[in-house]
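Have a look at the structure below, then the notes.
The values are calculated or read from the model by the stated rules, or taken from the named source; none is laboratory data. What you see is a predicted model, and the numbers here were worked out from it, not measured in a lab. Glycine also receives a Cβ, built like all others from the backbone with ideal geometry; neighbour counts cover every protein chain displayed. Accessible surface areas use protein heavy atoms only, side chains included; no ligands, DNA or RNA. Shrake-Rupley method; radii C 1.70, N 1.55, O 1.52, S 1.80 Å.
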Amino acid sequence: MPTAEIPRYFTDDSGRAIYLTGSHTWNNLQDMGKSDPPPQFDFAGYLDFLNRLNHNFVRLWAWDMLRTWDARDVVRPFPWARTGPGSALDGKPRFDLFRHDDEHFDRLRSRVAQAAGRNIYVGVMLFEAWSIFASNRTQREMHLFSRENNINGIDLLGSEADGVLRDWITLDNSEVVRAQEAYVRRVVQAVNEFDNVLYEICNEAGGHSHDWQDYFVEFVRKCEAEMPKRHPVGVTGGMGTLSDNEWLFASAADWVSPEGWGPEGELSGYLQATHTWGSAPFDRGGKVVLLDTDHLWGVGGNEVWAWKSFCRGYNVLYMDRCDDFATAFYEHERWPQRFNPDLRREMGRIRAYAERMELNAATPQNGLASTGYCLAQPGEEYLVYQPTAGPFAVELASGAYEYEWHDPSTGEAAGQG
(Lines give C-alpha, C1' and ligand atoms only; values in the text may rest on other atoms or scores of the structure.)
Protein backbone atom coordinates (compact mmCIF):
# COMPACT_ATOMS: atom_id res chain seq x y z
CA MET A 1 0.00 0.00 0.00
CA PRO A 2 1.16 3.60 -0.47
CA THR A 3 2.47 5.32 2.64
CA ALA A 4 1.64 8.83 3.77
CA GLU A 5 5.25 9.87 3.25
CA ILE A 6 5.70 8.41 -0.26
CA PRO A 7 2.40 8.41 -2.19
CA ARG A 8 4.06 7.94 -5.60
CA TYR A 9 4.78 4.23 -5.23
CA PHE A 10 3.40 1.16 -3.54
CA THR A 11 5.66 -0.56 -1.03
CA ASP A 12 6.37 -4.20 -0.23
CA ASP A 13 6.28 -5.77 3.23
CA SER A 14 9.79 -4.49 3.94
CA GLY A 15 8.74 -0.93 3.14
CA ARG A 16 10.75 -0.74 -0.08
CA ALA A 17 9.13 1.16 -2.94
CA ILE A 18 7.79 -0.88 -5.88
CA TYR A 19 8.02 0.68 -9.32
CA LEU A 20 5.28 -0.71 -11.58
CA THR A 21 5.58 -0.86 -15.35
CA GLY A 22 4.14 -3.20 -17.94
CA SER A 23 2.43 -3.91 -21.26
CA HIS A 24 -1.22 -4.96 -21.28
CA THR A 25 -3.39 -6.23 -24.11
CA TRP A 26 -7.10 -6.80 -24.54
CA ASN A 27 -7.53 -10.59 -24.56
CA ASN A 28 -5.20 -11.56 -21.71
CA LEU A 29 -8.05 -12.91 -19.53
CA GLN A 30 -11.01 -13.62 -21.83
CA ASP A 31 -10.26 -15.07 -25.26
CA MET A 32 -11.26 -12.97 -28.29
CA GLY A 33 -11.36 -13.76 -31.97
CA LYS A 34 -13.50 -14.27 -35.07
CA SER A 35 -13.84 -18.04 -34.65
CA ASP A 36 -16.21 -19.66 -32.16
CA PRO A 37 -14.70 -20.62 -29.84
CA PRO A 38 -11.98 -17.98 -30.22
CA PRO A 39 -8.30 -19.00 -30.11
CA GLN A 40 -6.88 -19.40 -26.63
CA PHE A 41 -4.55 -16.69 -25.45
CA ASP A 42 -0.99 -17.85 -24.75
CA PHE A 43 -0.73 -16.56 -21.19
CA ALA A 44 2.50 -18.41 -20.40
CA GLY A 45 4.05 -16.89 -23.54
CA TYR A 46 2.78 -13.50 -22.46
CA LEU A 47 4.49 -13.82 -19.08
CA ASP A 48 7.69 -14.89 -20.85
CA PHE A 49 7.37 -11.74 -22.96
CA LEU A 50 6.97 -9.54 -19.88
CA ASN A 51 9.88 -11.18 -18.07
CA ARG A 52 12.18 -10.68 -21.08
CA LEU A 53 11.26 -6.99 -21.07
CA ASN A 54 11.77 -6.68 -17.29
CA HIS A 55 8.14 -5.60 -16.93
CA ASN A 56 6.33 -6.36 -13.68
CA PHE A 57 2.69 -5.35 -14.21
CA VAL A 58 -0.20 -6.63 -16.30
CA ARG A 59 -3.70 -5.21 -16.49
CA LEU A 60 -6.18 -8.10 -16.88
CA TRP A 61 -9.03 -6.87 -19.07
CA ALA A 62 -12.72 -7.53 -18.42
CA TRP A 63 -15.34 -7.70 -21.21
CA ASP A 64 -19.10 -7.74 -20.66
CA MET A 65 -20.45 -8.05 -24.21
CA LEU A 66 -21.08 -11.18 -26.30
CA ARG A 67 -19.07 -9.54 -29.07
CA THR A 68 -16.41 -6.85 -28.91
CA TRP A 69 -17.44 -3.27 -29.45
CA ASP A 70 -17.47 -3.64 -33.27
CA ALA A 71 -19.64 -6.78 -32.96
CA ARG A 72 -17.23 -8.99 -34.91
CA ASP A 73 -15.18 -10.83 -32.30
CA VAL A 74 -16.42 -13.64 -30.09
CA VAL A 75 -15.54 -13.35 -26.38
CA ARG A 76 -15.35 -16.11 -23.76
CA PRO A 77 -15.54 -17.15 -20.96
CA PHE A 78 -17.80 -14.83 -18.95
CA PRO A 79 -18.24 -14.59 -15.18
CA TRP A 80 -21.94 -15.44 -15.42
CA ALA A 81 -23.42 -18.90 -16.05
CA ARG A 82 -25.31 -19.70 -19.25
CA THR A 83 -28.27 -21.59 -17.81
CA GLY A 84 -31.19 -20.70 -20.07
CA PRO A 85 -34.07 -21.08 -20.58
CA GLY A 86 -34.08 -19.39 -23.94
CA SER A 87 -31.32 -18.25 -26.24
CA ALA A 88 -29.22 -15.11 -26.13
CA LEU A 89 -28.50 -13.12 -29.29
CA ASP A 90 -25.57 -15.40 -30.13
CA GLY A 91 -27.87 -18.43 -30.20
CA LYS A 92 -26.50 -19.94 -26.97
CA PRO A 93 -28.31 -20.18 -23.61
CA ARG A 94 -29.15 -16.96 -21.83
CA PHE A 95 -27.19 -15.90 -18.74
CA ASP A 96 -28.33 -16.03 -15.14
CA LEU A 97 -26.74 -12.88 -13.71
CA PHE A 98 -26.92 -14.25 -10.17
CA ARG A 99 -25.11 -17.51 -10.96
CA HIS A 100 -21.42 -17.66 -11.83
CA ASP A 101 -19.35 -19.72 -14.25
CA ASP A 102 -16.56 -21.47 -12.38
CA GLU A 103 -14.41 -21.64 -15.52
CA HIS A 104 -14.00 -17.86 -15.56
CA PHE A 105 -13.01 -17.59 -11.91
CA ASP A 106 -10.72 -20.62 -12.09
CA ARG A 107 -8.96 -18.97 -15.02
CA LEU A 108 -8.70 -15.65 -13.16
CA ARG A 109 -7.24 -17.32 -10.11
CA SER A 110 -4.81 -19.39 -12.19
CA ARG A 111 -3.51 -16.39 -14.12
CA VAL A 112 -2.99 -14.31 -11.00
CA ALA A 113 -1.12 -17.26 -9.47
CA GLN A 114 1.03 -17.70 -12.60
CA ALA A 115 1.88 -14.00 -12.59
CA ALA A 116 2.78 -14.18 -8.90
CA GLY A 117 5.20 -16.98 -9.72
CA ARG A 118 6.93 -14.63 -12.19
CA ASN A 119 7.01 -11.67 -9.73
CA ILE A 120 4.45 -9.79 -11.83
CA TYR A 121 1.69 -7.65 -10.31
CA VAL A 122 -1.83 -7.90 -11.71
CA GLY A 123 -4.41 -5.16 -12.08
CA VAL A 124 -7.72 -7.04 -11.93
CA MET A 125 -10.27 -5.03 -13.94
CA LEU A 126 -13.78 -5.60 -12.56
CA PHE A 127 -15.93 -3.87 -15.21
CA GLU A 128 -15.53 -2.34 -18.67
CA ALA A 129 -17.42 0.64 -20.13
CA TRP A 130 -15.44 1.98 -23.10
CA SER A 131 -16.93 -0.62 -25.46
CA ILE A 132 -20.43 0.62 -24.58
CA PHE A 133 -19.56 4.21 -25.53
CA ALA A 134 -17.87 2.99 -28.72
CA SER A 135 -20.85 0.89 -29.83
CA ASN A 136 -24.05 1.70 -31.67
CA ARG A 137 -27.50 0.64 -30.47
CA THR A 138 -27.39 -2.76 -32.20
CA GLN A 139 -23.98 -3.51 -30.75
CA ARG A 140 -25.09 -2.48 -27.24
CA GLU A 141 -27.79 -5.13 -27.48
CA MET A 142 -24.95 -7.65 -27.19
CA HIS A 143 -24.28 -6.64 -23.58
CA LEU A 144 -24.99 -9.47 -21.14
CA PHE A 145 -27.20 -7.17 -19.07
CA SER A 146 -29.41 -6.32 -22.07
CA ARG A 147 -32.86 -7.88 -22.18
CA GLU A 148 -32.33 -10.60 -24.81
CA ASN A 149 -29.28 -12.08 -23.11
CA ASN A 150 -30.31 -12.84 -19.53
CA ILE A 151 -33.16 -14.55 -17.70
CA ASN A 152 -33.34 -12.01 -14.88
CA GLY A 153 -35.45 -9.34 -16.55
CA ILE A 154 -32.55 -6.87 -16.47
CA ASP A 155 -32.33 -4.53 -19.47
CA LEU A 156 -29.58 -1.92 -19.61
CA LEU A 157 -31.03 -0.61 -22.87
CA GLY A 158 -33.90 0.92 -20.94
CA SER A 159 -31.44 3.24 -19.22
CA GLU A 160 -29.75 4.48 -22.39
CA ALA A 161 -29.26 8.22 -22.64
CA ASP A 162 -26.86 9.91 -25.07
CA GLY A 163 -25.14 6.61 -25.79
CA VAL A 164 -24.64 5.80 -22.11
CA LEU A 165 -26.19 2.71 -20.52
CA ARG A 166 -26.59 4.44 -17.19
CA ASP A 167 -27.64 1.37 -15.23
CA TRP A 168 -24.22 -0.21 -15.88
CA ILE A 169 -22.19 2.64 -14.34
CA THR A 170 -24.54 4.29 -11.83
CA LEU A 171 -26.40 3.29 -8.68
CA ASP A 172 -29.77 3.92 -10.35
CA ASN A 173 -30.87 0.28 -10.73
CA SER A 174 -30.68 -1.66 -7.47
CA GLU A 175 -31.06 -5.03 -9.21
CA VAL A 176 -28.05 -4.34 -11.47
CA VAL A 177 -26.02 -3.20 -8.46
CA ARG A 178 -26.99 -6.35 -6.58
CA ALA A 179 -25.76 -8.54 -9.45
CA GLN A 180 -22.56 -6.49 -9.70
CA GLU A 181 -21.95 -6.84 -5.97
CA ALA A 182 -22.31 -10.63 -6.14
CA TYR A 183 -19.80 -10.76 -9.01
CA VAL A 184 -17.27 -8.46 -7.30
CA ARG A 185 -17.50 -10.50 -4.09
CA ARG A 186 -16.72 -13.66 -6.10
CA VAL A 187 -13.69 -11.99 -7.74
CA VAL A 188 -12.33 -10.87 -4.38
CA GLN A 189 -12.81 -14.35 -2.95
CA ALA A 190 -10.94 -15.84 -5.93
CA VAL A 191 -7.77 -13.73 -5.63
CA ASN A 192 -7.62 -12.41 -2.07
CA GLU A 193 -4.85 -14.78 -1.00
CA PHE A 194 -2.34 -13.39 -3.53
CA ASP A 195 0.04 -10.54 -2.74
CA ASN A 196 0.39 -9.33 -6.35
CA VAL A 197 -3.18 -8.00 -6.80
CA LEU A 198 -4.48 -4.50 -7.45
CA TYR A 199 -8.14 -3.87 -8.31
CA GLU A 200 -9.46 -1.52 -11.00
CA ILE A 201 -13.18 -0.74 -10.73
CA CYS A 202 -13.93 -0.04 -14.39
CA ASN A 203 -12.18 0.85 -17.62
CA GLU A 204 -13.11 4.35 -18.79
CA ALA A 205 -16.58 4.67 -17.29
CA GLY A 206 -16.84 8.46 -17.73
CA GLY A 207 -18.34 11.27 -15.71
CA HIS A 208 -21.68 9.58 -14.94
CA SER A 209 -19.91 6.87 -12.96
CA HIS A 210 -18.21 8.74 -10.11
CA ASP A 211 -20.60 7.83 -7.30
CA TRP A 212 -20.84 4.25 -8.59
CA GLN A 213 -17.06 3.83 -8.72
CA ASP A 214 -16.60 5.32 -5.24
CA TYR A 215 -19.26 2.91 -4.00
CA PHE A 216 -17.43 -0.11 -5.41
CA VAL A 217 -14.06 1.07 -4.11
CA GLU A 218 -15.57 0.86 -0.64
CA PHE A 219 -17.43 -2.35 -1.48
CA VAL A 220 -14.14 -4.09 -2.37
CA ARG A 221 -12.68 -2.92 0.93
CA LYS A 222 -15.76 -4.15 2.75
CA CYS A 223 -15.37 -7.59 1.13
CA GLU A 224 -11.69 -7.76 2.01
CA ALA A 225 -12.34 -6.70 5.60
CA GLU A 226 -13.66 -10.23 6.13
CA MET A 227 -10.64 -11.85 4.45
CA PRO A 228 -6.93 -12.26 5.29
CA LYS A 229 -5.45 -9.65 2.90
CA ARG A 230 -6.00 -6.07 1.75
CA HIS A 231 -5.16 -4.82 -1.73
CA PRO A 232 -5.03 -1.38 -3.40
CA VAL A 233 -8.14 -0.30 -5.31
CA GLY A 234 -7.92 2.06 -8.29
CA VAL A 235 -10.03 4.12 -10.66
CA THR A 236 -9.21 5.30 -14.19
CA GLY A 237 -10.06 8.30 -16.34
CA GLY A 238 -11.28 8.15 -19.88
CA MET A 239 -13.99 9.05 -22.38
CA GLY A 240 -12.80 12.62 -22.88
CA THR A 241 -14.00 14.21 -19.65
CA LEU A 242 -11.22 16.22 -18.06
CA SER A 243 -13.35 16.69 -14.94
CA ASP A 244 -12.58 13.02 -14.37
CA ASN A 245 -9.05 13.98 -13.33
CA GLU A 246 -10.28 16.21 -10.51
CA TRP A 247 -12.56 13.43 -9.34
CA LEU A 248 -9.81 10.80 -9.63
CA PHE A 249 -7.57 12.58 -7.16
CA ALA A 250 -10.49 13.36 -4.83
CA SER A 251 -11.89 9.82 -4.99
CA ALA A 252 -11.67 7.10 -2.36
CA ALA A 253 -9.20 5.12 -4.51
CA ASP A 254 -5.59 4.23 -3.66
CA TRP A 255 -4.32 4.63 -7.22
CA VAL A 256 -5.46 6.42 -10.38
CA SER A 257 -4.78 6.57 -14.12
CA PRO A 258 -5.54 10.08 -15.43
CA GLU A 259 -7.35 11.14 -18.60
CA GLY A 260 -5.43 12.87 -21.40
CA TRP A 261 -8.08 14.48 -23.62
CA GLY A 262 -11.23 16.50 -23.16
CA PRO A 263 -14.46 16.34 -25.21
CA GLU A 264 -13.47 19.24 -27.49
CA GLY A 265 -9.90 18.05 -27.99
CA GLU A 266 -8.40 20.11 -25.18
CA LEU A 267 -5.41 18.66 -23.36
CA SER A 268 -5.03 17.78 -19.73
CA GLY A 269 -1.77 18.43 -17.94
CA TYR A 270 -0.90 14.79 -18.53
CA LEU A 271 -0.57 15.21 -22.28
CA GLN A 272 0.92 17.80 -24.61
CA ALA A 273 0.43 17.54 -28.36
CA THR A 274 4.05 17.14 -29.46
CA HIS A 275 5.80 14.63 -31.65
CA THR A 276 7.59 13.30 -28.57
CA TRP A 277 4.21 12.38 -27.05
CA GLY A 278 4.35 15.17 -24.48
CA SER A 279 5.32 15.11 -20.86
CA ALA A 280 3.50 14.82 -17.57
CA PRO A 281 3.36 17.41 -14.80
CA PHE A 282 4.65 16.67 -11.35
CA ASP A 283 2.81 14.00 -9.40
CA ARG A 284 0.01 15.71 -7.50
CA GLY A 285 0.63 13.47 -4.51
CA GLY A 286 -1.80 11.61 -2.28
CA LYS A 287 -2.33 8.69 -4.66
CA VAL A 288 -0.15 6.37 -6.69
CA VAL A 289 -0.38 7.32 -10.39
CA LEU A 290 -0.19 4.59 -13.03
CA LEU A 291 0.23 6.70 -16.15
CA ASP A 292 -1.39 4.50 -18.82
CA THR A 293 -1.22 5.22 -22.55
CA ASP A 294 -4.72 3.74 -22.78
CA HIS A 295 -6.24 6.82 -21.17
CA LEU A 296 -3.82 9.36 -22.66
CA TRP A 297 -4.08 8.49 -26.36
CA GLY A 298 -4.80 4.77 -26.73
CA VAL A 299 -2.10 2.82 -28.55
CA GLY A 300 1.18 4.67 -28.95
CA GLY A 301 3.99 6.39 -27.12
CA ASN A 302 7.76 6.32 -27.13
CA GLU A 303 10.77 6.05 -24.87
CA VAL A 304 10.99 9.85 -24.51
CA TRP A 305 7.55 9.92 -22.90
CA ALA A 306 8.45 7.00 -20.61
CA TRP A 307 11.64 8.58 -19.27
CA LYS A 308 10.01 11.98 -18.82
CA SER A 309 7.16 10.38 -16.91
CA PHE A 310 9.48 8.37 -14.65
CA CYS A 311 11.42 11.53 -13.75
CA ARG A 312 8.13 13.19 -12.83
CA GLY A 313 7.24 10.47 -10.34
CA TYR A 314 4.93 8.21 -12.36
CA ASN A 315 4.59 4.48 -12.88
CA VAL A 316 4.30 3.86 -16.66
CA LEU A 317 1.93 1.43 -18.44
CA TYR A 318 1.61 0.69 -22.15
CA MET A 319 -1.53 -0.57 -23.94
CA ASP A 320 0.12 -2.89 -26.42
CA ARG A 321 -0.95 -4.85 -29.50
CA CYS A 322 1.86 -7.29 -28.60
CA ASP A 323 2.59 -8.05 -32.25
CA ASP A 324 5.40 -10.37 -31.20
CA PHE A 325 2.68 -12.97 -30.60
CA ALA A 326 0.57 -12.47 -33.70
CA THR A 327 -1.02 -15.92 -33.54
CA ALA A 328 -2.19 -15.57 -29.95
CA PHE A 329 -2.54 -11.85 -29.31
CA TYR A 330 -5.47 -9.73 -30.35
CA GLU A 331 -5.05 -8.02 -33.75
CA HIS A 332 -7.03 -5.13 -35.16
CA GLU A 333 -6.51 -3.12 -38.34
CA ARG A 334 -7.49 0.04 -36.48
CA TRP A 335 -3.98 0.19 -35.00
CA PRO A 336 -1.60 -0.84 -37.82
CA GLN A 337 2.07 -0.54 -36.90
CA ARG A 338 1.37 1.51 -33.79
CA PHE A 339 3.55 -0.33 -31.37
CA ASN A 340 7.00 0.60 -30.20
CA PRO A 341 9.60 -1.99 -29.20
CA ASP A 342 11.94 0.83 -28.08
CA LEU A 343 9.31 1.99 -25.60
CA ARG A 344 8.86 -1.55 -24.28
CA ARG A 345 12.63 -1.96 -23.89
CA GLU A 346 13.11 1.35 -22.09
CA MET A 347 10.23 0.64 -19.69
CA GLY A 348 12.26 -2.35 -18.52
CA ARG A 349 15.45 -0.28 -18.33
CA ILE A 350 13.63 2.32 -16.25
CA ARG A 351 12.50 -0.36 -13.83
CA ALA A 352 16.11 -1.56 -13.50
CA TYR A 353 17.24 1.95 -12.56
CA ALA A 354 14.27 2.36 -10.21
CA GLU A 355 15.32 -0.76 -8.34
CA ARG A 356 18.87 0.57 -7.94
CA MET A 357 17.57 3.82 -6.43
CA GLU A 358 16.10 4.61 -3.04
CA LEU A 359 12.70 5.57 -4.45
CA ASN A 360 11.37 6.06 -0.94
CA ALA A 361 13.65 9.09 -0.69
CA ALA A 362 13.86 10.25 -4.33
CA THR A 363 11.41 12.90 -5.53
CA PRO A 364 10.96 14.92 -8.74
CA GLN A 365 13.45 17.80 -8.56
CA ASN A 366 12.77 19.76 -11.74
CA GLY A 367 14.89 22.73 -10.74
CA LEU A 368 18.10 20.75 -10.26
CA ALA A 369 18.57 20.02 -13.97
CA SER A 370 18.39 22.40 -16.91
CA THR A 371 16.69 19.60 -18.86
CA GLY A 372 13.67 19.85 -16.55
CA TYR A 373 13.71 16.12 -15.78
CA CYS A 374 15.39 14.99 -12.58
CA LEU A 375 14.47 12.41 -9.96
CA ALA A 376 16.76 12.87 -6.99
CA GLN A 377 17.65 12.36 -3.38
CA PRO A 378 19.87 15.47 -3.20
CA GLY A 379 23.38 14.74 -2.02
CA GLU A 380 22.90 10.99 -2.53
CA GLU A 381 21.65 10.14 -6.02
CA TYR A 382 20.37 11.90 -9.12
CA LEU A 383 18.71 10.46 -12.22
CA VAL A 384 18.60 13.08 -14.97
CA TYR A 385 16.96 12.68 -18.37
CA GLN A 386 18.12 14.70 -21.38
CA PRO A 387 15.40 14.62 -24.10
CA THR A 388 17.47 16.38 -26.78
CA ALA A 389 21.13 16.63 -27.71
CA GLY A 390 23.40 19.35 -26.36
CA PRO A 391 24.97 20.49 -23.12
CA PHE A 392 22.98 20.63 -19.89
CA ALA A 393 23.65 21.44 -16.24
CA VAL A 394 22.83 19.67 -12.98
CA GLU A 395 23.07 21.27 -9.56
CA LEU A 396 24.76 18.77 -7.22
CA ALA A 397 25.52 18.90 -3.54
CA SER A 398 29.28 19.00 -3.03
CA GLY A 399 31.01 15.63 -2.88
CA ALA A 400 32.32 12.79 -5.03
CA TYR A 401 29.91 10.75 -7.15
CA GLU A 402 29.98 7.72 -9.37
CA TYR A 403 28.24 8.34 -12.69
CA GLU A 404 26.72 6.23 -15.46
CA TRP A 405 25.34 7.21 -18.86
CA HIS A 406 22.48 5.32 -20.51
CA ASP A 407 21.42 5.86 -24.13
CA PRO A 408 17.61 5.44 -24.43
CA SER A 409 17.81 5.39 -28.22
CA THR A 410 19.78 2.13 -28.16
CA GLY A 411 19.13 0.75 -24.67
CA GLU A 412 22.85 0.49 -24.02
CA ALA A 413 25.12 1.87 -21.30
CA ALA A 414 27.19 4.73 -22.75
CA GLY A 415 29.96 5.21 -20.22
CA GLN A 416 30.65 5.39 -16.50
CA GLY A 417 33.24 6.61 -14.07
Extreme residue, nearest to K34 (Cα to Cα), among residues of the stretch 310-327 that are in a helix (DSSP H, G or I) and at pLDDT 90 or above: F310
Filter result for W80 (in contact with a Phe, Trp or Tyr (Cβ under 7 Å, 6 or more places away or on another chain) and hydrophobic (A, V, I, L, M, F, W, C)): yes
Selection count, the stretch 16-37, where residues are at pLDDT below 90 and part of a loop (DSSP other than H, G, I, E, B): 2
For Y46: the one exception among (1) touching a residue at least 12 places away in the same chain (Cβ under 8 Å); (2) in a loop (DSSP other than H, G, I, E, B); (3) hydroxyl-bearing (S, T, Y): (2)
Quick check, is N196 among the polar types (S, T, N, Q) and either more than 30 Å from S14 (Cα to Cα) or without any contact (Cβ under 8 Å) to a residue 40 or more places away in the chain (or both)? no
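Considering each of N54, N136 in turn, give the residue that is more than 24 Å from E181 (Cα to Cα) and modelled with pLDDT of 95 or more. Please lay out each step first, then the result.
Values: N136 fails: modelled with pLDDT of 95 or more.
Step by step, each of N54, N136 is checked, and only N54 is more than 24 Å from E181 (Cα to Cα) and modelled with pLDDT of 95 or more.
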Residue match in the stretch 148-159 (condition: assigned to a loop (DSSP other than H, G, I, E, B), more than 30 Å from F49 (Cα to Cα) and in contact (Cβ under 8 Å) with a residue 60 or more places away in the chain): yes
Can you spot a residue in the stretch 63-81 that is open to solvent by less than 20 Å² (accessible area, probe 1.4 Å), in contact (Cβ under 8 Å) with a residue 12 or more places away in the chain and of a type in the set (K, R)? no
Of everything in the stretch 158-189, what is modelled with pLDDT of 95 or more, hydrophobic (A, V, I, L, M, F, W, C) and open to solvent by 10 Å² or more (accessible area, probe 1.4 Å)? Give them in sequence order. L171, V177, A182
Among the residues of the stretch 198-207, is there at least one that is in a loop (DSSP other than H, G, I, E, B) and of a type in the set (F, W, Y)? no
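Please go through the stretch 50-61 and give me each residue that is open to solvent by 10 Å² or more (accessible area, probe 1.4 Å) and touching a Lys or Arg at 6+ places or on another chain (Cβ under 9 Å), ordered by number. Quick ask: steps written out before the conclusion?
We begin by selecting, within the stretch 50-61, every residue open to solvent by 10 Å² or more (accessible area, probe 1.4 Å); these are 51-54.
Matches in the stretch 50-61: N51, L53, N54.
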